[in-house]
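Beneath this line is the structure, given in structure tokens, with notes to follow.
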Amino acid sequence: QVQLVESGGGLVQAGGSKRLSCVASGLTFSNYDMAWFRQAPGKEREFVAVIRRSITVYADSVAGRFTTSRDNAENTVYLQMDSLKSEDTAAYYCAARRILSDLFVREIEEYSYWGQGTQVTVSS
């Protein structure tokens, strides 16, 4: 049974930083793209970042401020969020997708496994 468990959310002031973690179990971690999505109240869930080995892709809205990394030995993916803005307030989810090709995908429906989410609230 695959499980993804996020942690690290909470309240942070605008301009501050937060680091999220997602621990995966029940899968061969290195065979999966690990992505981060977020969903703000009243909005659709959106792509934030994805990582495969050391290759990363970011949404334009977070590029240069967020960094994702992974530790395959610990089956963990991280999202380091710096220079946070109020518009970054959302529930953040990690997701896993088995690597099928060279393409990176951002579509929610392409990801098979999801965590329960962790809330990040940025106060202005």
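The values are calculated or read from the model by the stated rules, or taken from the named source; none is laboratory data. Everything quoted here is computed from the prediction, not taken from an experiment. Heads up, the Cβs are rebuilt from the backbone with ideal geometry, glycines too, and the neighbour counts pull from every protein chain shown. When the accessible area is computed, the model is the full protein with side chains, heavy atoms only, and any ligands, DNA or RNA have been set aside. Shrake-Rupley method; radii C 1.70, N 1.55, O 1.52, S 1.80 Å.
Quick one: in the stretch 1-18, of everything that is more than 12 Å from the chain's Cα centre (by Cα) and closer than 20 Å to THR56 by Cα, which residue is surrounded by the most Cβ atoms within 10 Å (Cβ to Cβ)?
From the stretch 1-18, those more than 12 Å from the chain's Cα centre (by Cα) are 1-3, 10-18; that's our starting set.
Cutting the leftovers down to closer than 20 Å to THR56 by Cα gives us 17-18.
On the way: SER17: 12, LYS18: 21.
Checked the stretch 1-18; the qualifying residue surrounded by the most Cβ atoms within 10 Å (Cβ to Cβ) is LYS18.
Please go through the stretch 65-97 and give me each residue that is in contact (Cβ under 8 Å) with a residue 60 or more places away in the chain, among the charged types (D, E, K, R) and in contact with a Ser or Thr (Cβ under 7 Å, 6 or more places away or on another chain), ordered by number.
ASP82, ARG97
Within the stretch 19-40, work out how many residues are open to solvent by 50 Å² or more (accessible area, probe 1.4 Å) and among the charged types (D, E, K, R).
Counting residues in the stretch 19-40 that are open to solvent by 50 Å² or more (accessible area, probe 1.4 Å) and among the charged types (D, E, K, R) gives 1.
Are any residues in the stretch 43-73 assigned to a loop (DSSP other than H, G, I, E, B), at pLDDT 95 or above and more than 14 Å from ALA96 (Cβ to Cβ), and if so, which ones?
First pass over the stretch 43-73, keeping only residues assigned to a loop (DSSP other than H, G, I, E, B): 43-45, 53-54, 59-65, 72-73.
Pick out the ones that are also at pLDDT 95 or above and you get 43-45, 59-65, 72-73.
Those that are assigned to a loop (DSSP other than H, G, I, E, B), at pLDDT 95 or above and more than 14 Å from ALA96 (Cβ to Cβ): LYS43, GLU44, ARG45, ALA59, ASP60, SER61, VAL62, ALA63, GLY64, ARG65, ALA73.
Just to be sure, is VAL122 surrounded by 13 or more Cβ atoms within 10 Å (Cβ to Cβ), in contact with a Leu (Cβ under 7 Å, 6 or more places away or on another chain) and not in a helix (DSSP H, G or I)? Explain how you work it out, then say what you get.
Working: surrounded by 13 or more Cβ atoms within 10 Å (Cβ to Cβ): yes; in contact with a Leu (Cβ under 7 Å, 6 or more places away or on another chain): yes; not in a helix (DSSP H, G or I): yes.
It is true that VAL122 is surrounded by 13 or more Cβ atoms within 10 Å (Cβ to Cβ), in contact with a Leu (Cβ under 7 Å, 6 or more places away or on another chain) and not in a helix (DSSP H, G or I).
With the requirement that a residue be open to solvent by 90 Å² or more (accessible area, probe 1.4 Å) and hydrophobic (A, V, I, L, M, F, W, C), what does the stretch 81-109 give you?
Of everything in the stretch 81-109, those that are open to solvent by 90 Å² or more (accessible area, probe 1.4 Å) and hydrophobic (A, V, I, L, M, F, W, C) turn out to be LEU100, LEU103.
If you take the residues of the stretch 104-115 that are out of contact with any Leu (no Cβ under 8 Å at 6 or more places or on another chain) and part of a loop (DSSP other than H, G, I, E, B), which of them is farthest from ASP82 (Cα to Cα)? Full working, then the answer.
Keep residues of the stretch 104-115 that are out of contact with any Leu (no Cβ under 8 Å at 6 or more places or on another chain), which gives 104-112.
Next, from what is left, pick out any that are part of a loop (DSSP other than H, G, I, E, B): 104-107, 111-112.
On the way: PHE104: 24, VAL105: 24, ARG106: 22, GLU107: 24, TYR111: 26, SER112: 28 Å.
It comes out as SER112.
Here is a list of conditions, (1) farther than 18 Å from VAL2 by Cα; (2) open to solvent by 60 Å² or more (accessible area, probe 1.4 Å); (3) in contact (Cβ under 8 Å) with a residue 60 or more places away in the chain, and ILE55 meets all of them except one; can you say which number that is?
(3)
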